[in-house]
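Novice: One structure is given below, represented as C-alpha coordinates, and several questions about it will come after.
The values are calculated or read from the model by the stated rules, or taken from the named source; none is laboratory data. Just so we're clear, the structure is a prediction, and the values are computed from it rather than from any experiment. Methodologically, a virtual Cβ is constructed for each residue, glycine included, from the backbone with ideal geometry; neighbour enumeration extends over all protein chains shown.
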Amino acid sequence: MRGQLQLGLWRVRYTRQLAARLASEDDPAALLLPELLPASVERITCKGIVIAGTEVVARRAAAKSGADRYPQTWWCLVHGEPLHADAEGRLHGAGRMAR
(Lines give C-alpha, C1' and ligand atoms only; values in the text may rest on other atoms or scores of the structure.)
Protein backbone atom coordinates (compact mmCIF):
# COMPACT_ATOMS: atom_id res chain seq x y z
CA MET A 1 0.00 0.00 0.00
CA ARG A 2 1.49 3.33 -1.02
CA GLY A 3 0.89 6.38 1.14
CA GLN A 4 2.41 9.16 3.20
CA LEU A 5 3.81 8.14 6.60
CA GLN A 6 3.07 10.71 9.29
CA LEU A 7 4.68 10.57 12.74
CA GLY A 8 3.64 13.09 15.36
CA LEU A 9 3.18 13.66 19.07
CA TRP A 10 -0.31 13.19 20.49
CA ARG A 11 -1.26 14.56 23.89
CA VAL A 12 -2.91 11.94 26.12
CA ARG A 13 -3.77 13.30 29.57
CA TYR A 14 -0.46 14.61 30.97
CA THR A 15 1.92 12.88 28.58
CA ARG A 16 2.74 12.97 24.91
CA GLN A 17 2.78 9.80 22.86
CA LEU A 18 4.04 9.16 19.36
CA ALA A 19 1.27 8.47 16.85
CA ALA A 20 1.84 6.84 13.45
CA ARG A 21 -0.54 7.41 10.55
CA LEU A 22 -0.52 6.25 6.94
CA ALA A 23 -2.38 8.83 4.89
CA SER A 24 -3.32 9.00 1.23
CA GLU A 25 -0.82 10.82 -0.97
CA ASP A 26 -3.70 12.73 -2.61
CA ASP A 27 -5.55 13.66 0.61
CA PRO A 28 -3.39 13.78 3.79
CA ALA A 29 -6.56 13.78 5.94
CA ALA A 30 -7.71 10.40 4.56
CA LEU A 31 -6.19 7.49 6.48
CA LEU A 32 -5.33 4.29 4.59
CA LEU A 33 -4.81 2.33 7.83
CA PRO A 34 -6.05 3.02 11.37
CA GLU A 35 -3.45 5.02 13.32
CA LEU A 36 -1.14 3.42 15.86
CA LEU A 37 -1.20 4.99 19.32
CA PRO A 38 1.15 4.79 21.07
CA ALA A 39 3.72 4.01 18.41
CA SER A 40 7.45 3.52 18.56
CA VAL A 41 10.10 3.47 15.87
CA GLU A 42 11.74 0.08 16.40
CA ARG A 43 14.33 0.10 13.64
CA ILE A 44 15.60 2.32 10.83
CA THR A 45 17.65 0.87 7.98
CA CYS A 46 18.65 2.14 4.56
CA LYS A 47 15.71 0.18 3.09
CA GLY A 48 12.91 1.07 5.48
CA ILE A 49 11.47 1.75 8.91
CA VAL A 50 9.80 -0.63 11.39
CA ILE A 51 7.08 0.96 13.51
CA ALA A 52 5.23 -0.90 16.28
CA GLY A 53 2.17 0.23 18.16
CA THR A 54 -1.43 -0.43 19.05
CA GLU A 55 -4.50 0.02 16.90
CA VAL A 56 -7.44 1.11 19.07
CA VAL A 57 -10.92 0.40 17.69
CA ALA A 58 -13.91 1.83 19.57
CA ARG A 59 -16.76 -0.64 20.04
CA ARG A 60 -19.38 2.13 19.83
CA ALA A 61 -19.38 5.87 19.24
CA ALA A 62 -20.16 6.63 22.91
CA ALA A 63 -17.29 8.28 24.79
CA LYS A 64 -17.29 5.80 27.69
CA SER A 65 -17.72 2.61 25.71
CA GLY A 66 -14.88 0.13 25.63
CA ALA A 67 -12.36 -0.33 22.88
CA ASP A 68 -10.53 -3.27 21.36
CA ARG A 69 -6.75 -3.02 21.12
CA TYR A 70 -4.68 -4.82 18.49
CA PRO A 71 -0.87 -4.86 18.49
CA GLN A 72 0.47 -3.95 15.04
CA THR A 73 3.85 -3.74 13.36
CA TRP A 74 4.39 -1.82 10.14
CA TRP A 75 7.35 -2.27 7.80
CA CYS A 76 7.56 0.90 5.73
CA LEU A 77 9.67 0.96 2.60
CA VAL A 78 11.24 4.33 1.94
CA HIS A 79 11.21 5.52 -1.65
CA GLY A 80 13.60 8.30 -2.42
CA GLU A 81 16.66 9.30 -4.33
CA PRO A 82 19.48 6.73 -4.33
CA LEU A 83 22.49 7.65 -2.22
CA HIS A 84 25.66 8.71 -3.91
CA ALA A 85 28.32 5.96 -3.61
CA ASP A 86 30.57 7.88 -1.16
CA ALA A 87 27.58 8.88 1.04
CA GLU A 88 26.45 5.25 1.21
CA GLY A 89 29.98 4.19 2.21
CA ARG A 90 30.02 6.74 5.04
CA LEU A 91 26.60 5.50 6.20
CA HIS A 92 27.72 1.88 6.36
CA GLY A 93 31.04 2.84 7.97
CA ALA A 94 29.24 4.77 10.73
CA GLY A 95 27.06 1.72 11.42
CA ARG A 96 30.11 -0.49 11.92
CA MET A 97 31.73 1.98 14.30
CA ALA A 98 28.55 2.33 16.39
CA ARG A 99 28.39 -1.37 17.19
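Novice: Take the range 39-78 and flag every residue that is closer than 19 Å to Gly8 by Cβ and modelled with pLDDT under 90.
Specialist: Within the range 39-78, Val56, Cys76, Val78 meet the criteria.
Novice: When both residues are 6+ apart or on different chains and their Cβ atoms are under 7 Å apart, which pairs have a first residue that lies in the range 11-32 and is surrounded by 14 or more Cβ atoms within 10 Å (Cβ to Cβ), and a second that is of a type in the set (Val, Ile, Thr)?
Specialist: From residues that are surrounded by 14 or more Cβ atoms within 10 Å (Cβ to Cβ), the pairs are Ala20/Ile51.
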